[in-house]
Amino acid sequence: MSVFAAILLGLAMGAAFGFLLEKARVFEPAVILGQFQFRSFLMLRVFLAGVAAGLVVLAVMTGFGWAKLSPKALLPMADIAGGLVLGVGIALAGACPGTVLAQIGAGYKDAWFTLAGGILGALAFTYAEPTLRPVLDMAGQGKLTLDVVTGTPFWMLALGFAAVLVAALVGLERWRPWREEIGAEADGLLPPHPAAPPAAAVPAE
Amino acid sequence: MPRLTDKAWSPYLAGALIGLLQIPAFLFLGTALGASSSFVTAGASLAEFLDPGIRGIRYAAAHLDGAKNWWQVALVIGVAIGAFASSRLSGAVRRGVAPVWQRATGLGRGGRFAMAFAAGFLMLLGARIADGCTSGHGLSGMAQLSLGSFAAVAAMFAGGILTATLLFRPVR
């Protein structure tokens, strides 16, 4: 595919992605913070639904030979250290590397600073990468996936895992419907829990 | 039926439709959805104006050219366009800084801008160390049953939960 065609495809796919992120409200900082404080579960709902659909898509596509998987290598050092730093960054940003662009599109001004910091962070890593590489690759295990490790066909595990995720989401929805987490301004910011009235304020009757 | 003018769609529907975006990614580019390596392409391309020698770093050179790299840059620009369109259609247009930041941190506008810059730096530093973010490891890695992605996502949630509970006031 030519670079020009790839850019056009990227813009079209990105526009759909951004539209859906906005409709899902998962780009809202209050949704991210709420998830990490276990006060809102919108992020998990969107994320697990996305993983479940991806599992089904890839089970079908690889099953019919239309696609080949391209998983990343298992690098314990890099995955855990990088994941931790990434998680700290996501909490402080109230965004992920993808949703920061959705914040910009929706109008949040601080997202421009997140974007600038992100480009600088990626550049800093680029300059440090040759030095860091031996540490990051330490105990590297290659492209290990659950189907390979367990010797089970990918499509079977993928469909099974998708079913588990769907069941978990059904349970989550029964426990608390998603609409309760959207908020009056659709920004995921919910009113503070009503404080218990102080004992003295309760009439003696 | 969800309408284009709705402010919120079912997160399950929106999430599942996002998952379907793996179809064109695998079909046309032979790759999965991802976002964070586009920051390397953008950063290294900008840096090349000042430091042409950056091409000498193999990691930079691997991100500077080619259809896959610029597809992903276009993808994240498209995300901004799509969110812009959706928010204008529904009237959920955002201005300034989300009110949750005042509640969680007590910071004013300037403080929040500084915090966002540092946050972006950490976010992409971490994502590049881990070789993926919420999209690449989260959506795509988990959908491929990659053990490294399960580890990275677990660490990401651990980092986020620790930060949000230790540093921030409760958001509700």
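The values are calculated or read from the model by the stated rules, or taken from the named source; none is laboratory data. The structure presented is a predicted model; accordingly, all values stated were derived computationally and were not measured. Note that we place each Cβ from the backbone using ideal geometry, even for glycine, and neighbour counts take in every protein chain shown.
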Looking at the structure I just gave you, is B:THR5 under 20 Å from A:GLN103 (Cα atoms), of a type in the set (S, T, N, Q) and either free of Cβ contacts under 8 Å to residues at least 12 places away in the same chain or outside the structural domain of B:GLN144 (by TED's automatic domain parsing) (or both)? yes
Would you mention how many residues in the stretch A:141-169 are at the interface with another protein chain (Cβ under 9 Å from one of its Cβ atoms), surrounded by fewer than 15 Cβ atoms within 10 Å (Cβ to Cβ) and assigned to a loop (DSSP other than H, G, I, E, B)? 1
Residue in the stretch B:122-138 that is of a type outside the set (A, V, I, L, M), surrounded by fewer than 24 Cβ atoms within 10 Å (Cβ to Cβ), within 30 Å of A:ALA73 (Cα to Cα) and within 17 Å of the chain's Cα centre (by Cα) present: yes
Restricting attention to the stretch B:132-147, does a residue exist that is more than 18 Å from A:ALA52 (Cα to Cα), at the interface with chain A (Cβ under 7 Å from one of its Cβ atoms) and without any contact (Cβ under 8 Å) to a residue 40 or more places away in the chain? no
Go through the residues of the stretch B:142-149 one by one and say whether even a single one is under 16 Å from A:ASP79 (Cβ atoms), among the hydroxyl-bearing types (Ser, Thr, Tyr) and at pLDDT 95 or above. yes
Residues of the stretch A:33-46 satisfying the condition of being closer than 20 Å to B:THR163 by Cα and either assigned to a helix (DSSP H, G or I) or free of Cβ contacts under 8 Å to residues at least 12 places away in the same chain (or both): A:LEU33, A:GLY34, A:GLN35, A:PHE36, A:GLN37, A:PHE38, A:LEU42, A:MET43, A:LEU44
Qualifying residues in the stretch B:155-172 (those that are within 7 Å of another protein chain (Cβ to nearest Cβ), in a helix (DSSP H, G or I) and not polar (S, T, N, Q)) - the one surrounded by the most Cβ atoms within 10 Å (Cβ to Cβ): B:MET156
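In the stretch B:99-130, which residues are aliphatic (A, V, I, L, M) and not in a helix (DSSP H, G or I)?
Initial filter on the stretch B:99-130 (aliphatic (A, V, I, L, M)): B:100, B:104, B:107, B:114-116, B:118-119, B:122-125, B:127, B:129-130.
Within the stretch B:99-130, B:LEU107 is the sole residue that qualifies.
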Looking at A:GLY63, A:GLY34 in this structure, which one is surrounded by 24 or more Cβ atoms within 10 Å (Cβ to Cβ) and either facing chain B (nearest Cβ under 7 Å) or at negative phi (or both)? A:GLY34
